[in-house]
Amino acid sequence: MSTEYYQIQQPEDLPAREREDAMGAYFMMFASLAAGLPLPIINLIAAIIYYHVNKHKSRFVRFHSLQSLLSQLPVSLLNAGLVVWAISFFKYDFNFDNTFLAYLIVVLMANLLYLGFSIVAAIKARKGLMYYFIFFGKLSYEIIYKIKEEEEHIYRNNPPI
Amino acid sequence: MKKRLWRDFLILLVLFLGAWIFFTYYPVVDSEQVKITFNDKEKEIKEKLIELFDYKQADSDTTQILRALGELKHLLSEKDLEYELFFSDSKEINAYALPGNMIVINRGIIMECDTPEELIGVIAHEIGHLKMKHHTDQLLATLGLELLLAGSSSTAGEVSKILTQSAFSREMETEADDFAIKKMKELNISPNYLAKLFKKMYKKTEYIPEFLNSHPGINNRISKFSSYPFEESSLEFTFDWLKVKNSL
Ligand SMILES: [Zn+2]
């Protein structure tokens, strides 16, 4: 049995309001990422709230919200790791080494990549286009667009036309 | 689809770990270099502190107190530790050991000392902190940040807050006390002199100075120093302690 997917909306089917909501998902994440820098809990909560607020909107909005939410998870985790690691220096000793500095660089790069791709995605979303990040794009598509078994059942039980 | 998800995930993981390992072995900034820069900061911080609080270096011949402190410093010299002793014109009853091998003695604590022997005990305790390297770089980092961020009068308050609040652990205080006892014995000064000072300070504790801080329990410390019988020290000084105090 092959899995079925909901059809992807085309730009001309998407009202401006929805495109803006989709774009907003990315911009909201930057803001919350910056606000929650020391403690990723804040931005994660904000991200989850935004996702839930948009839950009843179209799949296009939900897709972009989820992709934005999922892609910031690892970035937040990396940032949190950096903060914890840095604090450990203050607690104990400043014996930081190249492993730490390399981690710092990689985390910076991850943040920049996240930022860059999110900006591109936001612009695309504003135009009513899909944009798939590596991994997170596929995962979000899978979650949002895949037709689930139960849903199909309900769908099949439609009254006769 | 599932397969491709896993493939993507692995690509990301490999990229992340690969970049981490790469930069570890081909560092953009070498950690040794960063540490050296950091140590240079220590000097800078020292100079800024001296300027900010107008610390006066013992040994200089300008005032009675600085001469007297210089004499005490020589008495307490250590082969393997070069430290600098400073006088601070602050009424707060306190003395600090600071990163960069600085010891600062406030006017307040000098006024509490009825004899120079008591002050020797205080200095010996602070030397103990320096000798055992009790200063984590944490204090240095906090101080450095504070001093670098701003340069005005508002900094002075913040910095002195950091200094007074930076407490050593119970073990560290015990070590510093033990060092002070050892040092005092070497100089034929009864450690009981410090017990006397502690008792005087204990009566007026609106706040708890660094070396009387609550961690090891003040009473424990007093009884530790009191356990040594009091004997009048026979040390001779070139200054008259009362005159020195009156000059402040
Ligand atoms: Zn102490």
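The values are calculated or read from the model by the stated rules, or taken from the named source; none is laboratory data. All figures in this text were calculated on a predicted structure; none of them were measured in a lab. Every residue, glycine among them, receives a Cβ derived from its backbone with ideal geometry; neighbour counts consider all protein chains shown. Note: areas computed on protein heavy atoms with side chains; ligands, DNA, RNA excluded. Shrake-Rupley method; radii C 1.70, N 1.55, O 1.52, S 1.80 Å.
List of remarks:
Rundown of residues vs (1) at pLDDT below 90; (2) more than 16 Å from the ligand (Cβ to nearest atom); (3) in contact with a Phe, Trp or Tyr (Cβ under 8 Å, 6 or more places away or on another chain), yes/no style:
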| residue | (1), (2), (3) |
| --- | --- |
| B:167 | yes, no, no |
| B:172 | yes, no, no |
| B:177 | no, no, yes |
| B:180 | no, no, no |
| B:184 | no, no, yes |
| B:190 | no, yes, yes |
| B:195 | no, no, yes |
| B:198 | yes, no, yes |
| B:202 | yes, no, no |
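- The residues of segment A:9-44 that are loosely packed, with under 14 Cβ neighbours inside 10 Å, part of a loop (DSSP other than H, G, I, E, B) and at pLDDT 85 or above, listed by number, are A:10, A:15.
- Qualifying residue in segment A:63-76 (condition: modelled with pLDDT under 85 and open to solvent by 20 Å² or more (accessible area, probe 1.4 Å)): no
- Only one of A:86, A:122 that is away from chain B (no Cβ under 14 Å) and among the hydrophobic types (A, V, I, L, M, F, W, C): A:122
- Some residue of segment B:127-138 being under 15 Å from the mean Cα position of the chain (by Cα), modelled with pLDDT of 85 or more, within 16 Å of the ligand (Cβ to nearest atom) and part of a loop (DSSP other than H, G, I, E, B): yes
- Complete set of residues in segment B:1-33 that are at the interface with chain A (Cβ under 7 Å from one of its Cβ atoms) and hydrophobic (A, V, I, L, M, F, W, C): B:1, B:5, B:9, B:11, B:12, B:16, B:19, B:20, B:23, B:28, B:29
- A search for C-beta distances below 6 Å between a residue of segment B:124-136 that is within 14 Å of chain A (Cβ to nearest Cβ) and any residue that is more than 10 Å from the ligand (Cβ to nearest atom), counting only pairs 6+ apart in sequence or on different chains, returns B:135/B:99.
- Lone qualifier among B:3, B:43 - being in contact with a Gly (Cβ under 9 Å, 6 or more places away or on another chain), at pLDDT below 90 and open to solvent by 90 Å² or more (accessible area, probe 1.4 Å): B:43
- Of all residues in segment B:186-200, those that are within 10 Å of residue B:121 (Cα to Cα) and in a helix (DSSP H, G or I) total 5.
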